[in-house]
């Protein structure tokens, strides 16, 4: 799956309210299924895309997005 397709899924789940990064990763993993590498490697792919979206300003973040359970994101400013 292309990064742009993963980005589209992430952005479709993010909203105006803060949402745990772990929850978004879980939802995207469920949506993509077999098109991701197995196990934690697939989650890492999504996590890196979230970090890229934060760097690009398309998502706003609270906390360190590498700590999935203690950080949150929402649509950018």
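Values for this structure:
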item	result
Selected residue (criterion: surrounded by the fewest Cβ atoms within 10 Å (Cβ to Cβ)) from residues of the stretch 49-61 that are assigned to a helix (DSSP H, G or I) and touching a strand residue (DSSP E or B) at 6+ places or on another chain (Cβ under 8 Å)	54
Candidate set: the stretch 18-48, residues that are assigned to a loop (DSSP other than H, G, I, E, B) and modelled with pLDDT under 95; chosen: the one surrounded by the most Cβ atoms within 10 Å (Cβ to Cβ)	36
Lone unmet requirement of (1) surrounded by 14 or more Cβ atoms within 10 Å (Cβ to Cβ); (2) touching a helix residue (DSSP H, G or I) at 6+ places or on another chain (Cβ under 9 Å); (3) in contact (Cβ under 8 Å) with a residue 40 or more places away in the chain for residue 74	(2)
Test result for residue 14, in contact with a helix residue (DSSP H, G or I) (Cβ under 7 Å, 6 or more places away or on another chain) and touching a residue at least 24 places away in the same chain (Cβ under 8 Å)	yes
The stretch 52-63 residues that are in contact (Cβ under 8 Å) with a residue 60 or more places away in the chain, paired with ones that are part of a helix (DSSP H, G or I) and buried (at least 17 other Cβ atoms within 10 Å of the Cβ) (beta carbon under 9 Å, 6 or more apart)	none
Positions within the stretch 2-11 being touching a helix residue (DSSP H, G or I) at 6+ places or on another chain (Cβ under 9 Å), surrounded by fewer than 16 Cβ atoms within 10 Å (Cβ to Cβ) and without any contact (Cβ under 8 Å) to a residue 40 or more places away in the chain, in sequence order	5
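The values are calculated or read from the model by the stated rules, or taken from the named source; none is laboratory data. On a predicted model such as this, the values are computed, not experimentally measured, just so you know. Virtual Cβ from ideal backbone geometry, glycine too; neighbours counted across all protein chains shown.
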